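Just below is one structure, and these are the notes that go with it.
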Amino acid sequence: MKIFLDTANLESIKKYNDMGVLDGITTNPTLLSKEQGSPEEIMRAIVSMVRGDVSLEVIGTESAQIIEEAHHLKKYGQNVVVKIPMIPEGLKALTTLSSEGISTNVTLVFSANQALLAAKAGATYVSPFIGRLDDIGHNGMSIVKSIVSIFRNYQFKTQVLVASIRHPDHVVQAAEIGADVVTLPPDILGKLMRHPLTDKGLEAFLSDWERIGNESPKLRK
Ligand code: G3P
């Protein structure tokens with residue numbers, strides 16, 4: 001399963017990119033609005049920092065605007081994936097863009113039927129937002145399960161990118177179901193690599209090493 005970072009924060013991207021755990025990035029207008037500086041410059045910087053796919057979202061809601069924006073965004077780099085909202089005009093644009101060989105990520109997917117339509121129109125990725133479904137009392141992960149099994153039944157190449165992840169257990173569930181990608185906010189990716197017993201165990205190793213007269217390095221938290 002690929003791991004993407006769901007952020008427009010360059011510092012977080014650098015931190016996790018340097019660890020070698022990132023397969024790509026997803027951004028959206030809300031994430032860009034949280035950062036200082038021009039969204040265009042931030043998007044360009046992300047595209048050049050990361051080797052894997054970088055989803056950049058269009059703002060247009062008419063197919064012609066979406067297609068024009070997609071062509072513009074694609075100029076930022078080879079690894080750009082154009083993120084398109086799951087609306088009828090989005091599907092129309094998607095059909096054209098997939099026939100042109102442009103990679104796409106259909107976002108704001110909240111049902112298996114929406115995912116099926118996006119796959120039929122040639123989406124590279126579909127992004128079910130599971131946390132937002134959980135927030136309104138639905139079971140977001142059950143949608144992921146349906147999408148994965150539908151795509152398997154009909155051998156769709158479209159990848160299932162699980163988005164709106166709220167906690168580490170969502171990641172385990174997505175991997176058990178066989179989703180292709182999870183996109184994680186930086187704090188969730190941080191939580192994935194920590195365990196209190198790892199920290200406790202390492203502290204014990206280092207203090208035992210010191211107790212027998214050696215020096216041990218300061219542990220960075
Ligand atoms: O990629 C966007 C998606 O992950 C949104 O997450 O937390 O705003 O529901 P959230």
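Work out how much length Arg194 to Ser111 would gain on full extension: take 0.36 nm times their residue separation and subtract the Cα-Cα distance, in nm to one decimal.
Length gained between Arg194 and Ser111: 26.6 nm.
What ranking do 191-197, 48-54, 18-24, 161-167 get when scored by the average of other Cβ atoms within 10 Å per residue, highest first?
Values: 191-197: 10.4, 48-54: 17.9, 18-24: 13.9, 161-167: 22.1.
Averaged packing, sorted descending, gives the order 161-167, 48-54, 18-24, 191-197.
Please report the projected area of the chain's Cα convex hull averaged over all directions, in nm².
That works out to 14.0 nm².
For segment 1-72 and segment 159-182, what is the separation of their C-alpha centers, rounded to whole Å?
Measuring centre to centre over Cα atoms gives 19 Å.
Going 7 Å from the Cα of Thr30 in the Cα-to-Cβ direction, what parts of segment 127-145 have a backbone nitrogen less than 18 Å from that spot?
127-141
On alpha carbon coordinates alone, what is the Rg over Rh value for segment 134-221, Rh being the Kirkwood radius?
Numbers: Rg = 19.9 Å, Rh = 16.1 Å.
On the Cα set of segment 134-221, Rg over Rh gives 1.24.
Under a straight-distance cross-link criterion of Cα-Cα below 22 Å, which lysines are reachable from Lys15, leaving out those fewer than 8 residues away in the same chain?
Lys2, Lys34, Lys191, Lys218, Lys221
Compare the peptides 28-40, 78-90 by average per-residue count of other Cβ atoms within 10 angstrom and give them in order, highest first.
Top to bottom by mean Cβ count within 10 Å: 78-90, 28-40.
Just subtract the alpha-carbon distance of Glu41 and Lys120 from 0.36 nm times their residue separation and send over the number in nm, one decimal. Each step should come with its number before you reach the end.
Numbers: separation 79, 0.36 × 79 = 28.44 nm, distance 3.34 nm.
Gain in length upon complete extension: 25.1 nm.
Which one of Val126, Gln155, Ser142 is farthest out on the positive end of the charge dipole of segment 111-182, using unit charges on Cβ (Lys, Arg +1; Asp, Glu -1) and the Cα centre as origin?
Ranked along the dipole, the leading option is Gln155.
Every number in this text was worked out from the coordinates using simple rules, so none of it is lab data. Every value quoted in this text rests on a predicted model; they were computed, and no experiment measured them. Here the Cβ is made from the backbone with ideal geometry for all residues, glycine too, and neighbour counts use every protein chain on show.
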